[in-house]
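For reference, the structure I am asking about is given below.
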Amino acid sequence: MFKKLLDNHKLGGLNCLLWKDGQIVYQESSGYKNLETREPMGTDTLFRIASMTKPITAVLALILREEQKLDWYDPITKWFPQFRRMKVLKNPQGETVDATRLITVLDLLTHRAGFTYSDFQQGQLKEDYLQALGGDIDSELSHEQWIDGLAALPLLNQPGELFNYGRSSDLLGILIATIEGKPLGKVMEEKIFRPLGMNDTFFEVPDHKKSRCASNFGYDELGNLVNLETVPLNMAFKERPPGLAYESGGQGLWSTIGDYLKFATLFVQNGSSNGVQRLKPESMEIMCTNQLTANQRAQSTLMGNPIFSEHYGFGLGLAVVMKESKYGSIPCSGSIGSVGWPGAYGGWWTADPVKKTVAIFLTHSMTEPQQLAQGIGFELYEAIDIFSNYCKEHS
């Protein structure tokens, strides 16, 4: 299916699968795990799943809601008083006005809190984000330092006003860790990974599993496939030091295709996977229901491009198909009610509760923003389209 892209060195290696009605009906593992050693890709290869972390953090928040430890409309000042007097940008010149209300847990789950990513900004706000928070994946800051830094930054919009993709999931992860009094990864392990048998998903890859990690496939200035020393924009350390307090609930996890399947089947089995119920069906229904207004969907962009338009909405931590698209596959695809959310390093998944299917595609295709602007790395989306169309035809 991907032979041409692999032979032309546009992708290094990949894993994909289609699961339907309780069994894997198609699976492929192609190319290399490591470009330099020529080790072949394996089904147990570990990938940085980047923003595919966000739905896991959202499910965890819903589990805590079922345990009555938080609620949608709880203001985050309940745990972090630093956010009591937020400022909102009035114009690009940096003038601000006061926030008209407090940020809520629901604002974090729907990315309507007003936070952003440094990469999406220019000028002073970009620098301020970098200075205040460190890397998106690995930061040496303590939770308190990180919270203080984020709270000192101006919001892009009034809380609840617009969808702005950004650091909301990271803050949600720290909030969960604060409520539970333990690291986010430990909470995920106890409440999601261990119950579902996800033994290969974590923020820090154990030493005895590091040989299974896919190398950082990226591109040089000419668009040639190369092995990168670290991820673009230095969002992560080459080797994550042990003991970092910060664990990114937005983009920090490593996982395998088999592990992510165990998670994704929650969305086609009413909150159950492998016979283990992790969320009530009513919680799952809310999570998979669009929360954005028509205006918010219309105005939502990512790197200058519309995200949702007429075909998609956004539930809690993931996209929702609202109108079937014959060709579209980003952010997800499938019947009305299908959900998913891609990762910046090449991961993509869709769960279709109508057809009872889950499709997952994992690779490392790491591009700098300016490379994407030049068209370098777009073969990744060609590969996802190929796989998405195959899944539509066979489900």
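The values are calculated or read from the model by the stated rules, or taken from the named source; none is laboratory data. Just so it is clear, the model here is predicted, and its values are computed rather than measured. Cβ atoms come from the backbone with ideal geometry, glycine included; neighbour counts cover every protein chain shown. For accessibility, only protein heavy atoms count, side chains too; no ligands or nucleic acids. Shrake-Rupley method; radii C 1.70, N 1.55, O 1.52, S 1.80 Å.
Mind listing just one residue for me: the one in the stretch 93-119 that is at pLDDT below 90 and more than 28 Å from the chain's Cα centre (by Cα) and, of those, most open to solvent (accessible area, probe 1.4 Å)?
So in the stretch 93-119, the residues at pLDDT below 90 come out as 93-94, 118-119.
Subset that is more than 28 Å from the chain's Cα centre (by Cα): 93-94.
On the way: 93: 146, 94: 42 Å².
So, considering only residues that are at pLDDT below 90 and more than 28 Å from the chain's Cα centre (by Cα), the one most open to solvent (accessible area, probe 1.4 Å) is 93.
With (1) surrounded by fewer than 23 Cβ atoms within 10 Å (Cβ to Cβ); (2) closer than 20 Å to residue 52 by Cβ as the list, and residue 131 as the residue in question, which single condition is left unmet?
Residue 131 satisfies all of (1) surrounded by fewer than 23 Cβ atoms within 10 Å (Cβ to Cβ); (2) closer than 20 Å to residue 52 by Cβ except (2).
For the stretch 182-196, enumerate the residues that are under 21 Å from the mean Cα position of the chain (by Cα) and open to solvent by 20 Å² or more (accessible area, probe 1.4 Å).
183, 186, 189, 190, 191, 194
Being closer than 29 Å to residue 191 by Cα, aliphatic (A, V, I, L, M), open to solvent by 70 Å² or more (accessible area, probe 1.4 Å) and within 26 Å of the chain's Cα centre (by Cα): is that true of residue 56 here?
no
Further, regarding this structure: Among the residues of the stretch 72-92, what is the count of those that are in contact with a Pro (Cβ under 8 Å, 6 or more places away or on another chain) and in a strand (DSSP E or B)?
Number satisfying all stated conditions: 3.
Out of all the residues in the stretch 134-147, which are open to solvent by 50 Å² or more (accessible area, probe 1.4 Å) and among the charged types (D, E, K, R)?
140, 144
Return only the number of the condition from (1) in contact (Cβ under 8 Å) with a residue 40 or more places away in the chain; (2) within 30 Å of residue 369 (Cβ to Cβ); (3) open to solvent by 10 Å² or more (accessible area, probe 1.4 Å); (4) not β-branched (Val, Ile, Thr) that residue 122 does not satisfy.
(1)
May I ask you to verify whether residue 179 is open to solvent by 10 Å² or more (accessible area, probe 1.4 Å), of a type outside the set (Phe, Trp, Tyr), modelled with pLDDT of 95 or more and outside any loop (DSSP other than H, G, I, E, B)?
Yes; evaluated as a whole, the condition is true for this residue.
Consider residue 264 against the criteria (1) at pLDDT 95 or above; (2) in a loop (DSSP other than H, G, I, E, B): it satisfies all of them except one. Which criterion is unmet?
All conditions pass for residue 264, except number (2).
Could you check the stretch 227-244 and list, in sequence order, the residues that are of a type outside the set (Phe, Trp, Tyr), part of a loop (DSSP other than H, G, I, E, B) and open to solvent by 50 Å² or more (accessible area, probe 1.4 Å)?
Of everything in the stretch 227-244, those that are of a type outside the set (Phe, Trp, Tyr), part of a loop (DSSP other than H, G, I, E, B) and open to solvent by 50 Å² or more (accessible area, probe 1.4 Å) turn out to be 229, 238, 239, 242, 243.
Any residue in the stretch 281-297 that's touching a residue at least 40 places away in the same chain (Cβ under 8 Å): show its pairings with residues that are surrounded by 17 or more Cβ atoms within 10 Å (Cβ to Cβ) and polar (S, T, N, Q) at Cβ separation under 8 Å, as long as the two are six or more apart or on different chains.
From the stretch 281-297, the pairs are 291/110; 292/110; 292/300; 297/290.
Follow-up. Regarding the stretch 317-327, can at least one residue be identified that is at pLDDT 95 or above and hydroxyl-bearing (Ser, Thr, Tyr)?
No; the residues of the stretch 317-327 include none that is at pLDDT 95 or above and hydroxyl-bearing (Ser, Thr, Tyr).
Residues in the stretch 144-181 that are over 21 Å from the mean Cα position of the chain (by Cα) and charged (D, E, K, R): how many?
Here the count works out to 4.
Next question, about the same structure. Of all residues in the stretch 293-331, which are among the hydrophobic types (A, V, I, L, M, F, W, C), within 17 Å of residue 117 (Cα to Cα) and open to solvent by 70 Å² or more (accessible area, probe 1.4 Å)?
The answer is 303, and nothing else.
Can you run down the residue pairs with Cβ atoms below 8 Å, 6 or more apart or on separate chains, where the first is in the stretch 190-201 and in a loop (DSSP other than H, G, I, E, B) and the partner is surrounded by fewer than 21 Cβ atoms within 10 Å (Cβ to Cβ) and polar (S, T, N, Q)?
Going by the 8 Å Cβ cut-off, the qualifying pairs are 197/274.
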